[in-house]
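Engineer: Just passing along the structure, written as structure tokens.
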Amino acid sequence: MKKWLEKKFINIQKNELQTFIDMLRGGNNSEVAMTIAISTHLRNSLPNYSSKLLNPIQLIMDEPYIALDIGKLIKAEQKAKNPAFAAGWMVWLHTVRSCDDIHLRHLGKSMWKELERGQQFITDHYEYQDSLLLMNLDIDDYECFPEGLNPNI
């Protein structure tokens, strides 16, 4: 029973991650750039987590319930009708999940491959993104990949 439940849970996570990847694939360059800019801003807005989110395997060992915490942040953004910020948090939820289970790792790399496509457009669209969101985004180190999920390795 336990194995069956674990497999079902992994399949749900695979489907959610694949859906997110498909959304990124279907997005144009500025939409993907916006997603990477916001996810970077969210990472940088949490000083205690900024470097930890780039080392998700260690983060999971230090804080085993981090995925649940990020899930709560996603729900809060959805409730506040902030879909762009919910998507930014989804980047980190899927990052953590894909580092927590080897069956999801290849999908995590695929997600970061799609996000990499937006990296080259971040600076082109930076001023537009700031004016659209009515706030300044902290996009320092937007070109960094989480450890273990660099799609080019």
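Engineer: Only Lys, Arg, Asp and Glu count, each charged at its Cβ (+1, +1, -1, -1), so figure out the dipole size of the chain about its Cα centre, rounded to 20 debye. Numbers along the way, then the final one.
Structural biologist: Working: 17 positive and 20 negative charges, 188 e Å.
Rounded to the nearest 20 debye, it is 900 debye.
Engineer: With 10 angstrom as the radius, rank 39, 45 by how many other C-beta atoms surround their C-beta, starting from the fewest.
Structural biologist: Numbers: 39 24, 45 11.
In order of increasing Cβ crowding within 10 Å: 45, 39.
Engineer: Could you give the distance between the Cα centres of segment 61-104 and segment 1-50, to the whole Å?
Structural biologist: 7 Å
Engineer: Just name one of 33, 142, 60: the one whose Cα is farthest towards the positive end of the charge dipole of the chain (beta-carbon charges, Lys/Arg +1, Asp/Glu -1).
Structural biologist: Ranked along the dipole, the leading option is 60.
Engineer: Here's something else I'd like to know. List the chymotrypsin sites (Phe, Trp or Tyr not before Pro) within segment 25-100 that DSSP assigns to loop and that have no more than 13 neighbouring Cβ atoms inside 10 Å.
Structural biologist: Values: sites: 49, 65, 85, 89, 92; in loops: 49, 65.
In loop regions of segment 25-100 (DSSP not H, G, I, E or B), the sparsely surrounded chymotrypsin sites (Phe, Trp or Tyr not before Pro) are 65.
Engineer: Sticking with this one: Which three extents, in angstrom, do the Cα atoms of the chain have along their principal axes, listed largest first?
Structural biologist: Sorted largest first, the three principal extents are 52, 29, 27 Å.
Engineer: Considering the Cα positions of segment 16-56, please state its Rg to one decimal place and its Dmax as a whole number of Å.
Structural biologist: Rg then Dmax for segment 16-56, in Å: 12.1, 33.
Engineer: Would you please calculate the Kirkwood hydrodynamic radius of segment 67-116 over all C-alpha pairs and express it in Å, rounded to one decimal? Working shown, then result.
Structural biologist: Numbers: mean 1/r = 0.0896 Å⁻¹.
Kirkwood hydrodynamic radius for segment 67-116: 11.2 Å.
Engineer: How many Lys pairs in segment 9-153 lie less than 21 angstrom apart by Cα atoms, where the lysines are 8 or more positions apart or on different chains?
Structural biologist: 8
Rule-based calculations on the coordinates, nothing more; no lab input. Keep in mind that this is a model prediction, so the values were computed, not measured. All Cβ positions, glycine included, derive from the backbone under ideal geometry; neighbour counts span all protein chains shown.
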